[in-house]
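The structure under discussion appears below in the form of structure tokens.
The values are calculated or read from the model by the stated rules, or taken from the named source; none is laboratory data. Being a predicted model, the structure only gives us computed values, none of them experimental. When we count neighbours, we look across all protein chains shown, and the Cβ atoms used for this are built from the backbone with ideal geometry, even at glycine.
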Amino acid sequence: MESLRSWEIEYYQTAAGSVPVAEFVDSLSPQAKAKYIRSLELLEQHGLLLREPWVKNIPNVPKLREQR
């Protein structure tokens, strides 16, 4: 079953070594950062079984999800 596998989240790193998503997350308020981290934990635990309101399918792109 898909939900039993643990997922690993990887962030894009530019050639210069910056990690734009991490920089954005670091700029969030403590409350917004906690909400973001919780949604990542859910994604790691449930993988492709996770649905709205946490993630939304991107039309015409199988298995690609938008984190909400």
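Results for (1) without any contact (Cβ under 8 Å) to a residue 12 or more places away in the chain; (2) among the basic types (Lys, Arg), shown as yes or no for each residue.
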{"position": "Glu23", "(1), (2)": "yes, no"}
{"position": "Lys35", "(1), (2)": "yes, yes"}
{"position": "Leu48", "(1), (2)": "no, no"}
{"position": "Glu52", "(1), (2)": "no, no"}
{"position": "Val61", "(1), (2)": "yes, no"}
{"position": "Glu66", "(1), (2)": "yes, no"}
Any idea how many residues of segment 10-51 are part of a loop (DSSP other than H, G, I, E, B) and within 12 Å of Gln67 (Cα to Cα)? 2
Restricting to segment 4-16, and then to whatever is at pLDDT 80 or above and surrounded by 10 or more Cβ atoms within 10 Å (Cβ to Cβ), can you tell me which residue is farthest from His46 (Cα to Cα)? Gln13
Among the residues of segment 52-66, write down those that are farther than 18 Å from Tyr11 by Cα and either part of a strand (DSSP E or B) or of a type in the set (Lys, Arg) (or both). Lys56, Asn57
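A quick yes/no check of all residues on (1) charged (D, E, K, R); (2) at negative phi; (3) surrounded by fewer than 12 Cβ atoms within 10 Å (Cβ to Cβ):
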| residue | (1), (2), (3) |
| --- | --- |
| Ser18 | no, yes, yes |
| Arg38 | yes, yes, yes |
| Gln45 | no, yes, no |
| Pro53 | no, yes, yes |
| Lys56 | yes, yes, no |
| Arg68 | yes, yes, yes |
So Ser39 clears everything in (1) more than 17 Å from Ser6 (Cα to Cα); (2) modelled with pLDDT of 80 or more; (3) touching a strand residue (DSSP E or B) at 6+ places or on another chain (Cβ under 7 Å) except one condition, right? Which one? (1)
